[in-house]
Every structure is written in structure tokens, then in C-alpha cells.
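The values are calculated or read from the model by the stated rules, or taken from the named source; none is laboratory data. Everything numeric here is computed off the predicted structure, so don't read it as measured data. Here Cβ is always computed from backbone atoms with ideal geometry, including for glycine, and neighbour counts include all displayed protein chains. Accessible surface areas use protein heavy atoms only, side chains included; no ligands, DNA or RNA. Shrake-Rupley method; radii C 1.70, N 1.55, O 1.52, S 1.80 Å.
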Amino acid sequence: MLLDAYPGAIQAYSVRKLRTAYSGSAIRVRRSSDNSELDIGFTSGNLDTAALLGFVGNGGGDNGFVTTWYDQSGSGNNLTQTTAANQPKIVNAGAVIITNNSRPTFKFDGTNDVLDAASGVTMYNCIAVINPFTAVDYEGFISASGGHIYIRSGGGTNFYGSGASVFPNYNTATYVNNNLTNTFTNSVLNLWLMGNIAPNVNPATLKVGTDPSGAYADMNCSEVIVYGSSQAANRTPINTEINAYYLIY
């Protein structure tokens, strides 16, 4: 598993199991018909989709929304959202799990959906698997105090970082195919990002789905991993491992 081969993550969230020793659930899901919630775990290292549909599908046309994305790093720093209207969706109409390349994913609506880790950590590298659908300038998908990485619709590089003290090397962020000229018009384009965060930054609160200014991302997101030390030497093998699971490119 990814974190067995490349340990040291201080925050780790995924629709798959990332660490053999992790014994908790993957996500907690709310069923829209009655607002009941249930923890959903893993089966054979993958999200337990049968349990997910068995719970959400009981309401026929129910939608399923993520209230908690559990931290598999061991830090217990879960991503949460208690406001129903701001929770990303994972099941549509009781029977359809939202997917990218047949892997479950969360749909952030670009309006107000966000998951927030309440506790701060000192971050260095952030790796994420996302699929943006539309983009406007400064549409942020992940942020930490003082800076963020955001999606930009116009021209050139589409990943940017804001706040030099937080993302000093943001221009190294790349598409999985290293093509920095594509725009966000291809709804099946999946991305892998490593944005560098200064290791001496004050403990930061991680948000997924927005930036500090409140610009929300219209995207799917399947995995977010934060390291407290540089993983530059592991970038290629981590990329390869992620692609082997998600079939991004």
C-alpha cells in the first residue's frame, strides 16, 4: 500500500486503503431522506461500495453525502463537514456511486462544498487526485493558512499557488502527463499534484474544496495526502503507484 512503501504522511485521505495498519473506516456518509449517517469501511483495500449502496439505496432516490473523510495517517486529523448543504456527494439517486475511471470519488459542487480538518499541522508536500469540471480564475481546490493551490481557467499553467511563504515552489506542480498547456475543458482529465509547502510554516488548517478567499472548486476528488517532509525524491514512484490504481494516464 502507498503509505507502507512511502511512510511519513501526516494527513491521508482516500477512497482506498493507504496503510496496512489502518483499521478505521474510509468515510462517514449521510443519507438524504432521513439524515441518518453510517461509517463505510474497506473491502479488499477498496471502498466498500456494497455497504455504501446498501445504506444510501434504502431510500430509493436518496443521495449520499460525505460528512467525514477519515485520516488514515494515524494523526486522527479527519476532514469533516457538519452543514448538509456543504457536503460533497458520493451517491446519486440511491443507486449510482460517483466515479472516475470506475473508482469512487466525491463530487464538490463548486458553490459551497468543502471538507475541513480542524486541527493544524506543519505541512511540506501535498499530493492529490482530482478531476476538475469547470474552472474560473482562482477556483481553489485545496488550501492551508496563508496560501492555496487553485485552478485557473485562462492561459498557461493551470495550477498555481498563492502565498510565497506557504507555497514557495508552486510552479513545480504538474499534470500527471506533465502537459501544462491544457485547459480545464476536458471533463475526464484527472490530475496529480505535488505542491511544496514551506516546512516552517505555522500549523495550517487543511481545507479541500475551497481556497482562503472562498472560491469553491467544481471537481471530483479521490485522494489527498500531506507529508511533513519533502517527498521530492519519491515523486516519480508515488506518481506511478497512484496511476496504477486510478488509471489516470
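Looking at the stretch 1-74, what strands (runs of 3 or more DSSP E) fall wholly within it and have at least 2 residues that are without any contact (Cβ under 8 Å) to a residue 60 or more places away in the chain and more than 17 Å from the chain's Cα centre (by Cα)?
Once the strands (runs of 3 or more DSSP E) in the stretch 1-74 are filtered for at least 2 residues that are without any contact (Cβ under 8 Å) to a residue 60 or more places away in the chain and more than 17 Å from the chain's Cα centre (by Cα), what remains is 27-31, 37-40.
Just to verify a result, which residue in the stretch 105-120, among those that are more than 12 Å from the chain's Cα centre (by Cα) and of a type in the set (Ser, Thr, Tyr), is most open to solvent (accessible area, probe 1.4 Å)?
THR111
Yes or no: ARG16 surrounded by fewer than 21 Cβ atoms within 10 Å (Cβ to Cβ), among the basic types (Lys, Arg) and under 27 Å from TYR124 (Cα atoms)? Show your work before the answer.
Details: surrounded by fewer than 21 Cβ atoms within 10 Å (Cβ to Cβ): yes; among the basic types (Lys, Arg): yes; under 27 Å from TYR124 (Cα atoms): yes.
Criteria met by ARG16.
Could you check, for the stretch 29-48, whether at least one of its residues is within 26 Å of ALA93 (Cβ to Cβ), surrounded by fewer than 19 Cβ atoms within 10 Å (Cβ to Cβ) and of a type in the set (Lys, Arg)?
Checked the stretch 29-48: no residue is within 26 Å of ALA93 (Cβ to Cβ), surrounded by fewer than 19 Cβ atoms within 10 Å (Cβ to Cβ) and of a type in the set (Lys, Arg).
Going by the conditions given, is SER102 loosely packed, with under 15 Cβ neighbours inside 10 Å and within 20 Å of SER222 (Cβ to Cβ)?
So SER102 passes the test.
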